[in-house]
Amino acid sequence: MAVYYIFKRELRSYLVSPLAYAAGVVFLAISGYFFSVILLATRVADLRPYFLNLGVILLFVTPLLTMRLLPEERQNHTDELLMTLPATPAQVVVGKYLAAVGLYAGMLLLTALYPALLFWLSNPAPGPVLTSYLGALLLGGTFLAIGVFTSSLTDSQMVAGLLCFGFILLLWVINWLSFAAPGTAADVARQLAVFERFDDFTKGLIDSGHVLFYLSAIVLMLFLSVRSLERRTWM
């Protein structure tokens, strides 16, 4: 019940926040640009190139969606009020995370216009489209959990956003290490390659190992967020 209350409170806060609308406009404008350019250039009813570029959009949009989640509570001195509610830090973190995921899912839903247009113009395979959306939800959910974690580390929204951007950027390029480093370091880099795992979803494949990886990453980031929030509450 506490999670649901915080989820509704946060979602309502998103809906009156200019930053959330700006993030939505940026997401839809850039994704629409990618879709249009790729379709005009290839003239092929295939959404895979579009989804492969989705990670670029999330790199910039995720910090906008999460940078204010916990720092704003402290800046407005509403964090003390939040902690007086019959809610644990875990419920606060999960409620805020679900609100961010809900907003992102809504933005993702609006992009359903693209496959609808392709199905109207041609006859693309529906399987890869559905698995791509599942992968996009898991990839975005992982990035949003990272954003919740970085927002728990600081009182500054700007710093939280920069930390989130840097964290996701590191995950984007870490696979490069697998080509340069030997042995164990290369194996670790390959295991942490979040974008390469997303690639299989765009091919119409659902690998249970990839799904488990994303869900584990989300749980880990939310767990670290709870521990960070508990530590700062008692400081």
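The values are calculated or read from the model by the stated rules, or taken from the named source; none is laboratory data. Because the structure is predicted, anything quoted here is derived from the model rather than measured. Using ideal geometry, Cβ is built from the backbone for each residue, glycine included, and neighbour counts are taken over all protein chains shown. These area figures cover heavy atoms from the full protein model, side chains too; ligands, DNA and RNA do not enter into them. Shrake-Rupley method; radii C 1.70, N 1.55, O 1.52, S 1.80 Å.
What the table below lists for this structure:
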| quantity | calculated |
| --- | --- |
| Qualifying residue in the range 223-233 (condition: at pLDDT below 95, open to solvent by 60 Å² or more (accessible area, probe 1.4 Å), more than 24 Å from L170 (Cα to Cα) and outside any helix (DSSP H, G or I)) | no |
| Members of the range 120-135 that are open to solvent by less than 40 Å² (accessible area, probe 1.4 Å) and assigned to a helix (DSSP H, G or I) | G127, V129, T131, S132, G135 |
| Among (1) open to solvent by less than 40 Å² (accessible area, probe 1.4 Å); (2) at pLDDT 90 or above; (3) among the hydroxyl-bearing types (S, T, Y) - the single one S178 does not satisfy | (2) |
| Candidates A41, A20, A29, filtered to the one that is open to solvent by 70 Å² or more (accessible area, probe 1.4 Å) and under 27 Å from A112 (Cα atoms) | A41 |
| Qualifying residue in the range 201-212 (condition: of a type in the set (K, R), more than 21 Å from T131 (Cα to Cα) and touching a residue at least 12 places away in the same chain (Cβ under 8 Å)) | no |
| Which listed residue is closer than 25 Å to L52 by Cβ, part of a helix (DSSP H, G or I), at pLDDT 95 or above and open to solvent by 10 Å² or more (accessible area, probe 1.4 Å), from L169, L163, L138 | L138 |
| Criterion violated by V188 - all others in (1) at pLDDT 85 or above; (2) β-branched (V, I, T); (3) surrounded by fewer than 18 Cβ atoms within 10 Å (Cβ to Cβ) satisfied | (1) |
| Residue count, the range 198-222 (criterion: buried (at least 17 other Cβ atoms within 10 Å of the Cβ) and under 30 Å from P71 (Cβ atoms)) | 7 |
| Check on D155, modelled with pLDDT of 80 or more, among the acidic types (D, E) and open to solvent by 40 Å² or more (accessible area, probe 1.4 Å) | yes |
| Looking only at the range 44-81, and only at residues there that are among the β-branched types (V, I, T) and either open to solvent by 10 Å² or more (accessible area, probe 1.4 Å) or in contact with a Cys (Cβ under 8 Å, 6 or more places away or on another chain) (or both), the one that is farthest from I30 (Cα to Cα) | T78 |
| Filter result (assigned to a helix (DSSP H, G or I), open to solvent by 10 Å² or more (accessible area, probe 1.4 Å) and either at pLDDT 90 or above or touching a helix residue (DSSP H, G or I) at 6+ places or on another chain (Cβ under 9 Å) (or both)) within the range 83-106 | M83, P89, A90, Q91, V94, Y97, L98, V101, G102, L103, A105, G106 |
